[in-house]
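Structure first, then comments.
Please treat every number below as a calculation from the coordinates, not as lab data. The model shown is predicted, which means the values in this text are computed figures rather than measured ones. In this analysis, Cβ positions are derived from the backbone assuming ideal geometry, glycine residues included, and neighbour counts consider all displayed protein chains.
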Amino acid sequence: MVHSKIILIGVCLCCLTGCWDKVEINQLAIGELIGADMDPNTRKQIVYYQIVNPEAVARAGIKSPVYTYRVQASSIAELGPKTSDIMPRKLFPNQYQSEIITERYARQGLQPFLNLYERQYNRSSNLYLFITDSLLSDVMMTYLPLERLPGSYLRSLVENQSESTGRVSKKSRIRDLVENMESSILTVMPMVSLSGANPFSTTDRYEQINANQGNLILSGGAVFKHDRMIGKLKLKQMAYYVLLKGESELFFESLTVNDRKVDVQAIKPKVHKRLYIVSGEPVWKVDISTRLVIINNEQEKDLTLENLSEITEAFNRQVQEKITDLYQDAIKKEWDLFGLEGKIKYKRGKKWAAIQKQNNAWNQTKLQLSVKSKITEFGEIINPYKGVK
């Protein structure tokens, strides 16, 4: 919401006369979302710029809130001149909210793009980065429901998911990828897909009641090593990844207790991590503790102390199993998702020196995980309504 207000203020300024660094405000094209791709055959750079239409944002009415420009060039450096060939205003990138990269581009490596981005003095430092497995032309040529500015929509999607399900971390920005480029730490960026067969490319979209069709939805996580995408995490794995990283603000889990469904939320889980040696082998000890809130309880029995214990035990057991599965899957794929190689590298002592001489010692690290929880809130009713039998 804050970011949307900032953009709206910036857009409203476009309607005023005056100067900004000796450039008239109404001569600027305010960028809100950018999409990037690379043709695998010609190696040409393809960029889509979404430019805010100030009149449509500032005033009510069914008018296009953004216009999308497609630019193609032989190199990244040529995109600027090519953009000025078709755009009648000077591109103003300071208000970018999000960037979308195609999966095929990400798998080829983003180093040229990241180097160019980092050299821009007016770049946004908190720009969210998304990877898409849908056609970029469809993604960039569709209107989205509720939020009229697609870049803001994607930003809100990350922030709402982080605060409601824990499936996405707010550390999903370009700068988070750049920080890990020259280390062994892998980075996971959110993936989005276009739902439905076709995009909504006209403002008729705003008169359609079906919000699911032609919408951008979170579909998983793109795993990066340095600047290159090397694999994917499933959407259901993302919450456990974010939790184990210690970046989860809120964690949602659906349980089966006494053959009935119980849904709980873990509030601000605390994650304590320590790396040590047991019998000459590295062990990563992780302790997770959290308080739980019962969101939905379909059990037919009362919430006694015994039943509360059954719920917490089910939560502890299920989270421990899911995280262990994720960790073992990452080890099998040789994905250092949690930066263990770097942690081992900087350890001191004779025992650690012996481990550091081993090839891929991080891959032999055992996970010792404990999960502890306590129910602190039950909702408006303690025991479920049972009806008349």
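Okay, here's what the table says:
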| read-out | value |
| --- | --- |
| Filtered residues of the range 294-318 (kept if outside any loop (DSSP other than H, G, I, E, B) and buried (at least 16 other Cβ atoms within 10 Å of the Cβ)) | Ile294, Asn297, Asn307, Glu310, Ile311, Thr312, Ala314, Phe315, Asn316 |
| Residue list for the range 330-363, restricted to those being within 21 Å of the chain's Cα centre (by Cα) and touching a residue at least 60 places away in the same chain (Cβ under 8 Å) | Trp335, Asp336, Leu337, Phe338, Gly339 |
| Number of the condition not met by Leu337 [criteria: (1) under 13 Å from Pro282 (Cβ atoms); (2) touching a strand residue (DSSP E or B) at 6+ places or on another chain (Cβ under 8 Å)] | (1) |
| Ser84, sole failed condition from (1) closer than 30 Å to Ser195 by Cβ; (2) more than 21 Å from the chain's Cα centre (by Cα) | (1) |
| Number of the exception - Glu321 against (1) farther than 21 Å from Ile288 by Cα; (2) over 23 Å from the mean Cα position of the chain (by Cα); (3) not β-branched (Val, Ile, Thr) | (1) |
